[in-house]
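**Student:** Below you'll find the structure I mean.
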Amino acid sequence: MYELIICEKPNAAKKVAEALADGKPIKENMNGVPYYLVTHGKKDIVVACAVGHLYGLAEKEKKGWVFPVFDIEWKPSSETNKKSGFSKKYLSTIRKLAKEAKEFTVATDYDQEGSVIGKNIVVFACKKKDANRMKFSTLTKEDLIEAYENKSKHLDWAQAEAGDARHHLDWINGINYSRALTSSIKAVGSFKLMSTGRVQGPALKIVVDREKEIKVFKPVPFWQIELQGNVNKGDVIAWHQEDKFWDKNKANEVMKKVKNEKKATIDKAEKKQFQQQPPAPFDLTTLQMESYKCHRISPKETLEIAQELYTSGVISYPRTSSQQLPDKIGYKKILTQLGKQKEYSGLTKKLLAKKSLMPNNGKKTDPAHPAIYPTGNVPSLSNERERRIYDIITKRFMATFAESALRETMTIDINCKDEIFIAKGTRTIEKGWHVFYQPYVKIEEEELPKVNKNDNVAVKKIQLHNKETTPPKRYTPASIIKELEKKNLGTKATRASIVDTLFQRGYVDGKAIEATNLGIKTIETLEKHVPKIVDEELTRHFEEEMEQIMENKKTSEEVLGEAKKKITEIMSDFKKQEKKIGKELLSANIETRDELSHLGKCINCKKGNLHMRHGKFGSFVACNQYPKCKTAFSLPHNALIKPAKKICETCKYPMVIAIKRGKRPQDFCLNKQCPSKHVEGEAGKEAKAIAKGKIEKECPECKEGKIVLRGSIYGKFFGCNRFPKCKYTEKLETQQAANNKK
């Protein structure tokens, strides 16, 4: 008999086993699933792993495409999701190991998701009512030993119940709303799968509202007057103290007064010094925003990379709301270990020389985890993006212990014909924490010349600028996450995936997030007929209700009972207007499909438009005047194809973009015979000779076939004449391929 420790992922199980083993853990496997035998003191331990959720919610009995549906239960993930078939063997292994166990300990991530994963395994797989619980924020040996020795004798039921309620809430909202939308389109004689959810709907509404603000925005003209001059051998740029003139006549009056002046004087020169405090440690949202700002790494990818770094034991738990570093993590020990890494050794020496180490903690807290910090363990980073995220976390950690930067602002008032122009500059006197946070410090340095009152200014130019107010900026993948956090919609762990879902569903597009026609029309339809589906107040209300569950002020039964009542009311309203809703949604889908697939005028009939279409044999381009016009082009099946919104300069055919994962996007035209796809130079001569049979080359892969010249929409290439038995290909450099490298 032994103690069974259940971890969330295979990597975590390995770390736990290595930390607790008196010697070296013995790795075993069952059906390809690893587990570890460990001796800890006089105790035998088996460390097993899940692969995230081994259970998912599903209807107890499938009753067809009906809604609302509330009769749901936890079932093995392999039964609820085709993509989770691999989890079956992990669940089977835990079930078998549980039979011989006398004690159970959950060592999943200490958050709502981890608690639900652990609770479900204990209750459904191990058939136990309770278990011990380990709590840790890093996968370092010291933390894991401490977590094991101080494990609680019960599961964290409040956190597990809140997480369970969240899963139920998300499921019953998502399935019922999505079925309703899809059914409405079926009701008008068509079919299109549509989805929305408890947070997805309000999140999309935020983007759509911003899009509408931009579209109705009317720019207001204003004028600014700039003075360019030289004083004490230094150039200076100053702006009229009015800043923005909303009255052109007033601006013209000032210009008339000063435009021919060649001299001005210094009326006033002021300097002010201020302390710029170090940044607060990272919570997940600020890490996501900073990594997008500095590296253009999306919030979703940032979280994925941070999770990998955590399971590798080199940073602390990333799904945290805290901006505080408690002293119990051991500042000095971490800095000493970081100093063993060449790129940080010089910086850590400076910090360790300080009399005391005190981080500049932020205001945000998290009851479960501290802010994100490096553990000091030497990382083994597999790619450049991992290195960037690790570096920004490490340097942010060091910067929080550094001194404030000393900066100085200087303001100069320049008098030109009794009109005051103001020049402002800022410089850094003492870098302080800036030294530790390079190259991520983004500050403006503009030093003004040294001046005194009554100094003469040689005026070089006075200029009137005609400008307009600008519309609100579109959200970026990072700023929308911040907005969702501010509005208390979703959780720190789910916001990035919610935004990603909006992209996948075609509701939004672009790096500066723009609501598509489908996104706008969907929100307009729902707001008109069933506004509660996209009501952020309702979503926020249930976020607060789940916090009440965490604090043991409410039960999940109470919260879910209220939610079911609300969904029933919404679905009742929906069914009354189902055909109206379906008609509007179908129209939006058709418009969006045509808009996103449009490539331009048909190059043959000149009347129709070329659109990308999807058939049972893959994607293709066809004229919308079919069958009158049968113009068609095949498209590659191994890439995501999008309209390039331009035509080929050589042949005037429309162009498309091919996007392959991990590769640079390629632009190419639909014309296989386009001269830009011909191979030039010596390679071209060889290609022509092979095509005419003047040169024979053996296939270097199969050694049996001959090399032949082939063509595709990408251009010419060499291939084996034994295709499809031999799939050898060799790229040839065409003009279009060369352009894609630029």
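The values are calculated or read from the model by the stated rules, or taken from the named source; none is laboratory data. Model, not experiment: these values are computed from the prediction. Note: ideal-geometry Cβ built from the backbone for every residue, glycine included; neighbour counts use all protein chains shown.
Per-residue answers, yes or no, for (1) farther than 24 Å from residue 328 by Cβ; (2) in a helix (DSSP H, G or I); (3) of a type in the set (S, T, N, Q):
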residue: 345; (1), (2), (3): yes, yes, yes
residue: 361; (1), (2), (3): no, no, yes
residue: 376; (1), (2), (3): no, no, no
residue: 388; (1), (2), (3): yes, yes, no
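**Student:** Has region 246-257 got any residue that is charged (D, E, K, R), loosely packed, with under 15 Cβ neighbours inside 10 Å, in contact (Cβ under 8 Å) with a residue 60 or more places away in the chain and touching a Lys or Arg at 6+ places or on another chain (Cβ under 6 Å)?
**Tutor:** To start, the set of residues in region 246-257 that are charged (D, E, K, R) comprises 247-248, 250, 253, 256-257.
Adding the requirement that they be loosely packed, with under 15 Cβ neighbours inside 10 Å leaves 247-248, 250, 253, 256-257.
Now drop any that are not in contact (Cβ under 8 Å) with a residue 60 or more places away in the chain, which leaves 257.
Now narrow it down to the ones that are touching a Lys or Arg at 6+ places or on another chain (Cβ under 6 Å): 257.
So far as region 246-257 goes, yes, one or more of its residues are charged (D, E, K, R), loosely packed, with under 15 Cβ neighbours inside 10 Å, in contact (Cβ under 8 Å) with a residue 60 or more places away in the chain and touching a Lys or Arg at 6+ places or on another chain (Cβ under 6 Å).
**Student:** Limited to region 189-203, what total is found for residues that are under 19 Å from residue 582 (Cβ atoms) and either in contact with a helix residue (DSSP H, G or I) (Cβ under 8 Å, 6 or more places away or on another chain) or buried (at least 22 other Cβ atoms within 10 Å of the Cβ) (or both)? Before you say what the answer is, go through the steps one by one.
**Tutor:** So the first thing to find is which residues in region 189-203 are under 19 Å from residue 582 (Cβ atoms), and the list is 189-196, 201.
Of the ones still in play, those that are also either in contact with a helix residue (DSSP H, G or I) (Cβ under 8 Å, 6 or more places away or on another chain) or buried (at least 22 other Cβ atoms within 10 Å of the Cβ) (or both) are 190-196, 201.
The total comes to 8.
**Student:** Check whether at least one residue in region 574-584 is in contact with a Pro (Cβ under 9 Å, 6 or more places away or on another chain), surrounded by 19 or more Cβ atoms within 10 Å (Cβ to Cβ) and within 27 Å of residue 505 (Cβ to Cβ), and report yes or no. Lay out the reasoning, then the answer.
**Tutor:** The first filter runs over region 574-584 and keeps only residues in contact with a Pro (Cβ under 9 Å, 6 or more places away or on another chain), leaving none.
So far as region 574-584 goes, no, none of its residues is in contact with a Pro (Cβ under 9 Å, 6 or more places away or on another chain), surrounded by 19 or more Cβ atoms within 10 Å (Cβ to Cβ) and within 27 Å of residue 505 (Cβ to Cβ).
**Student:** Is one or more of the residues making up region 381-398 modelled with pLDDT of 95 or more, hydroxyl-bearing (Ser, Thr, Tyr), under 34 Å from the mean Cα position of the chain (by Cα) and surrounded by 14 or more Cβ atoms within 10 Å (Cβ to Cβ)?
**Tutor:** Taking every residue of region 381-398 in turn, at least one turns out to be modelled with pLDDT of 95 or more, hydroxyl-bearing (Ser, Thr, Tyr), under 34 Å from the mean Cα position of the chain (by Cα) and surrounded by 14 or more Cβ atoms within 10 Å (Cβ to Cβ).
**Student:** Checking the condition at pLDDT below 95, of a type outside the set (A, V, I, L, M, F, W, C) and outside the structural domain of residue 193 (by TED's automatic domain parsing), which residue from 118, 64 passes? Please lay out each step first, then the result.
**Tutor:** Numbers: 118 fails: at pLDDT below 95.
After applying the criteria, what remains is 64.
**Student:** Are any residues in region 595-616 under 32 Å from the mean Cα position of the chain (by Cα) and surrounded by 14 or more Cβ atoms within 10 Å (Cβ to Cβ), and if so, which ones? Step through it out loud before you land on a result.
**Tutor:** If we filter region 595-616 for residues that are under 32 Å from the mean Cα position of the chain (by Cα), which is where we start, we get 595-599, 611-615.
Correct list: 596, 597, 598, 599, 611, 612, 613.
**Student:** Just to be sure before I move on: is residue 186 surrounded by fewer than 17 Cβ atoms within 10 Å (Cβ to Cβ) and either assigned by TED's automatic domain parsing to the domain that holds residue 573 or free of Cβ contacts under 8 Å to residues at least 24 places away in the same chain (or both) in the structure I sent?
**Tutor:** Values: surrounded by fewer than 17 Cβ atoms within 10 Å (Cβ to Cβ): yes; either assigned by TED's automatic domain parsing to the domain that holds residue 573 or free of Cβ contacts under 8 Å to residues at least 24 places away in the same chain (or both): yes.
Here the answer is yes, as residue 186 does meet what is asked.
**Student:** Check 214, 297 and return the single one that is outside any strand (DSSP E or B), of a type in the set (A, V, I, L, M) and surrounded by fewer than 21 Cβ atoms within 10 Å (Cβ to Cβ).
**Tutor:** Numbers: 297 fails: surrounded by fewer than 21 Cβ atoms within 10 Å (Cβ to Cβ).
Testing whether each residue is outside any strand (DSSP E or B), of a type in the set (A, V, I, L, M) and surrounded by fewer than 21 Cβ atoms within 10 Å (Cβ to Cβ) leaves just 214.
**Student:** If you take the residues in region 627-639 that are in a loop (DSSP other than H, G, I, E, B) and closer than 24 Å to residue 657 by Cβ, which one is modelled with the highest pLDDT? Full working, then the answer.
**Tutor:** Of the residues in region 627-639, the ones in a loop (DSSP other than H, G, I, E, B) are 627-631, 635-639.
Filter once more, so that each one left must be closer than 24 Å to residue 657 by Cβ: 631, 635-639.
Details: 631: 93, 635: 87, 636: 83, 637: 80, 638: 77, 639: 81.
The qualifying residue modelled with the highest pLDDT is 631.
**Student:** Now for a different question. Among the numbered criteria (1) of a type outside the set (A, V, I, L, M); (2) part of a strand (DSSP E or B); (3) at positive phi, which single criterion is violated by residue 424?
**Tutor:** Evaluating residue 424 over (1) of a type outside the set (A, V, I, L, M); (2) part of a strand (DSSP E or B); (3) at positive phi leaves (3) as the failure.
**Student:** Any idea which of 18, 8 is acidic (Asp, Glu), touching a residue at least 40 places away in the same chain (Cβ under 8 Å) and surrounded by fewer than 19 Cβ atoms within 10 Å (Cβ to Cβ)? Even if it seems obvious, please write down each step before you answer.
**Tutor:** Working: 8 fails: surrounded by fewer than 19 Cβ atoms within 10 Å (Cβ to Cβ).
Answer to the check: 18.
**Student:** In region 516-550, which residue that is assigned to a helix (DSSP H, G or I) and among the hydroxyl-bearing types (Ser, Thr, Tyr) is surrounded by the most Cβ atoms within 10 Å (Cβ to Cβ)?
**Tutor:** Of the residues in region 516-550, the ones assigned to a helix (DSSP H, G or I) are 517-529, 531-534, 536-550.
Add one more test, that the residue is among the hydroxyl-bearing types (Ser, Thr, Tyr), and what stays is 522, 525, 539.
Details: 522: 30, 525: 23, 539: 24.
Within region 516-550, the match that is surrounded by the most Cβ atoms within 10 Å (Cβ to Cβ) is 522.
**Student:** For region 289-318, name all the residues that are in contact with a Leu (Cβ under 6 Å, 6 or more places away or on another chain) and farther than 19 Å from residue 279 by Cα. Walk me through it before giving the result.
**Tutor:** Step one: of region 289-318, the residues in contact with a Leu (Cβ under 6 Å, 6 or more places away or on another chain) are 313, 315, 318.
Hit for region 289-318 is 313, nothing else.
**Student:** Another question, then. Return only the number of the condition from (1) under 17 Å from residue 140 (Cα atoms); (2) in contact (Cβ under 8 Å) with a residue 12 or more places away in the chain that residue 39 does not satisfy.
**Tutor:** Residue 39 satisfies all of (1) under 17 Å from residue 140 (Cα atoms); (2) in contact (Cβ under 8 Å) with a residue 12 or more places away in the chain except (1).
**Student:** Please state which one of 406, 448 is among the aliphatic types (A, V, I, L, M), touching a strand residue (DSSP E or B) at 6+ places or on another chain (Cβ under 7 Å) and not in a strand (DSSP E or B).
**Tutor:** 448
**Student:** Looking at residue 97, is it assigned to a strand (DSSP E or B) and over 24 Å from residue 317 (Cβ atoms)?
**Tutor:** Numbers: assigned to a strand (DSSP E or B): no; over 24 Å from residue 317 (Cβ atoms): yes.
Taking the combined requirement at face value, the residue does not satisfy it.
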